[in-house]
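> Sharing a structure here in structure tokens format.
The values are calculated or read from the model by the stated rules, or taken from the named source; none is laboratory data. Predicted, not measured: the structure shown is a model, and the values here were computed from it. In this analysis, Cβ positions are derived from the backbone assuming ideal geometry, glycine residues included, and neighbour counts consider all displayed protein chains. SASA here: full protein model, heavy atoms, side chains in, ligands and nucleic acids out. Shrake-Rupley method; radii C 1.70, N 1.55, O 1.52, S 1.80 Å.
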Amino acid sequence: GETLRLMLGKLASDKRRKLMYADVSRAYFYAPAVWVVSGGLPAEDCGPADKGRVGKLKISMYGTGDAAANWAAEFGSTLLAAGYRQGKASPCIFHNDNDGTTVMVHGDDFVAVGERGQIQLFRKQVANIFTVKDKIVGMLPPVNKLEKLRQPFVNLPYVQTQASASCKFQIPLRT
């Protein structure tokens, strides 16, 4: 809770800052396995000579004891390589001194706060390595797109109904 409050405080303290929330799809599969974990081979991958053989995991898998720690190490090393410093008091916080972007990691989700250009750069860096679903809050479309969004509502005929007669506004009537 406190770490998210810190991120929201950073967002609120500067109008130029934007927030990006992202979820990494199948995050644990990006991390190499550290523990030796073996299991039976899937039937569709077994030939007659493979009966009774087992396979050794090369990547982390959900449900294995070290998967979360392996993912944390993988994502952490990715951010460190991109120029971020990891927090000492809170290891789930990363900060880039060069551009002021701060990232909070929680499992396979992360929240980044920074200025528009830095958030877009961070988004691109992460998307080059991981499959992510993300949303940036506080970024308006370019002005020409805003104008196109507004056009259907300009110069619409208005009708005053009995319900709106006592109101100080009129309801647009679409034709």
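> Taking 0.36 nm per intervening residue step and subtracting the Cα-Cα distance, what contour gain separates LEU41 from ILE129 on full extension?
On the way: separation 88, 0.36 × 88 = 31.68 nm, distance 2.81 nm.
My answer for the length gained is 28.9 nm.
> Extending each Cα 7 Å along its Cβ direction at ASP66 and LEU4, get the distance between those two points in nm, one decimal.
Computed distance between label sites ASP66 and LEU4 equals 3.1 nm.
> Right, next: Could you calculate the contour length gain from ALA73 to VAL34, that is, 0.36 nm times the residue separation minus the distance between their Cα atoms, to one decimal place in nm?
On the way: separation 39, 0.36 × 39 = 14.04 nm, distance 1.07 nm.
Separation in residues times 0.36 nm, less the Cα-Cα distance, equals 13.0 nm.
> Rounded to the nearest 0.05, what FRET efficiency is calculated for LYS51 and ARG26 with R0 set to 22 Å and r the Cβ-Cβ distance?
The computed FRET efficiency comes out at 0.15.
> In Å², and per residue, what accessible area does the range 12-65 have when probed at 1.4 Å with the other protein chains present? Before the final figure, lay out the partial values.
Numbers: 3960 Å² over 54 residues.
Ligands and nucleic acids excluded, the figure is 73 Å² per residue.
> Can you give me the % of accessible surface on the range 38-136 that is carbon or sulfur? Probe 1.4 Å, all protein chains present, nothing else counted.
Here carbon and sulfur together make up 54 percent of the probe-accessible area.
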